[in-house]
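Enquirer: One structure is given below, represented as structure tokens, and several questions about it will come after.
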Amino acid sequence: PGLFLSLLNSNFHATMKRTDQIIFVSACFIVFDAREATARCASAGHPSPLLANRRTGEIRTVYNDLKKNSALGLLPQAAYQVFDHELREHDIFLLFTDGVEEAMNAQDEYYGMERLQRAMSENLKLDIGDLTEAIVDDILKFSGDQPLADDLCLVAAEALLNKPAARPTHQN
């Protein structure tokens, strides 16, 4: 994931340089390997995905402190730190745009990460599609009549790891 973001950044930066525009974007890239039960994640200035487990109810961020992981397009060359995670059955990764955290209500309060984690926790028993829908509904309820300043995008993925098949028993 880190190499992919580095190459993407290099190409994007070159394209933007030719247009004389200063445009940058954040990105998060995760590679899931069900056979090895791993997830490898790299970020280009993007908010950390949430990682939850249905069985334990634990919810945490995948990474907390990005160092030198600039948004795509800012630097001609950039390296991106990779975060490795051993997948457990029913791990759920929730990726989201910064518009989720930055949604505001009439009192000028941000929705924020704490509310996002609470909404995920309260709806963790729902299937993936209903989970993301419930979170979007919570954000819109929180925002009320306030227009959203940025886009809302949520993507969720759940680890449903293949269990080895039981060996057949032979009876004589």
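Enquirer: Take residues that are touching a residue at least 40 places away in the same chain (Cβ under 8 Å) and in contact with a strand residue (DSSP E or B) (Cβ under 8 Å, 6 or more places away or on another chain) and tell me which of the strands (runs of 3 or more DSSP E) falling wholly in the stretch 56-112 contain 3 or more.
Expert: The qualifying strands (runs of 3 or more DSSP E) are 82-86, 91-96.
Enquirer: Could you list all residues from the stretch 89-114 that are of a type outside the set (Phe, Trp, Tyr), out of contact with any helix residue (DSSP H, G or I) (no Cβ under 9 Å at 6 or more places or on another chain) and under 23 Å from GLU58 (Cβ atoms)?
Expert: Answer for the stretch 89-114, where residues must be of a type outside the set (Phe, Trp, Tyr), out of contact with any helix residue (DSSP H, G or I) (no Cβ under 9 Å at 6 or more places or on another chain) and under 23 Å from GLU58 (Cβ atoms): GLU89, HIS90, ASP91, LEU95, GLU114.
Enquirer: Also, quick follow-up: Do we find a residue being closer than 30 Å to ILE22 by Cα and either among the small types (Gly, Ala, Ser) or modelled with pLDDT of 95 or more (or both) anywhere in the stretch 131-141?
Expert: No, the stretch 131-141 contains no residue that is closer than 30 Å to ILE22 by Cα and either among the small types (Gly, Ala, Ser) or modelled with pLDDT of 95 or more (or both).
Enquirer: While we're on this one: Return yes when GLN117 is farther than 22 Å from THR56 by Cα, in contact (Cβ under 8 Å) with a residue 40 or more places away in the chain and in contact with a strand residue (DSSP E or B) (Cβ under 6 Å, 6 or more places away or on another chain) and no when it is not.
Expert: Judged against the criteria, GLN117 is not a match.
Enquirer: Just checking, how many residues over the stretch 124-146 are outside any helix (DSSP H, G or I) and either polar (S, T, N, Q) or in contact with a Cys (Cβ under 7 Å, 6 or more places away or on another chain) (or both)?
Expert: 1
Enquirer: Still on this structure, please answer the following. Tell me the residue from ALA134, ALA79, ALA106 that is under 30 Å from PHE4 (Cα atoms), of a type in the set (A, V, I, L, M, F, W, C) and surrounded by fewer than 19 Cβ atoms within 10 Å (Cβ to Cβ), please.
Expert: One residue alone meets the criteria, ALA79.
Enquirer: Using the structure shown, decide if ARG88 is among the basic types (Lys, Arg), surrounded by 15 or more Cβ atoms within 10 Å (Cβ to Cβ) and touching an Asp or Glu at 6+ places or on another chain (Cβ under 8 Å).
Expert: no
Enquirer: When the residues of the stretch 9-63 are narrowed to those that are over 23 Å from ASP127 (Cα atoms) and aromatic (Phe, Trp, Tyr), which ends up most open to solvent (accessible area, probe 1.4 Å)?
Expert: The qualifying residue most open to solvent (accessible area, probe 1.4 Å) is PHE24.
Enquirer: Which one of the conditions (1) within 22 Å of GLN77 (Cβ to Cβ); (2) of a type outside the set (Asp, Glu); (3) over 19 Å from the mean Cα position of the chain (by Cα) does HIS46 fail to meet, given that it meets all the rest?
Expert: The failed condition is (3).
The values are calculated or read from the model by the stated rules, or taken from the named source; none is laboratory data. What you see is a predicted model, and the numbers here were worked out from it, not measured in a lab. In this analysis, Cβ positions are derived from the backbone assuming ideal geometry, glycine residues included, and neighbour counts consider all displayed protein chains. Protein only, heavy atoms only, side chains kept; ligands, DNA and RNA dropped before computing areas. Shrake-Rupley method; radii C 1.70, N 1.55, O 1.52, S 1.80 Å.
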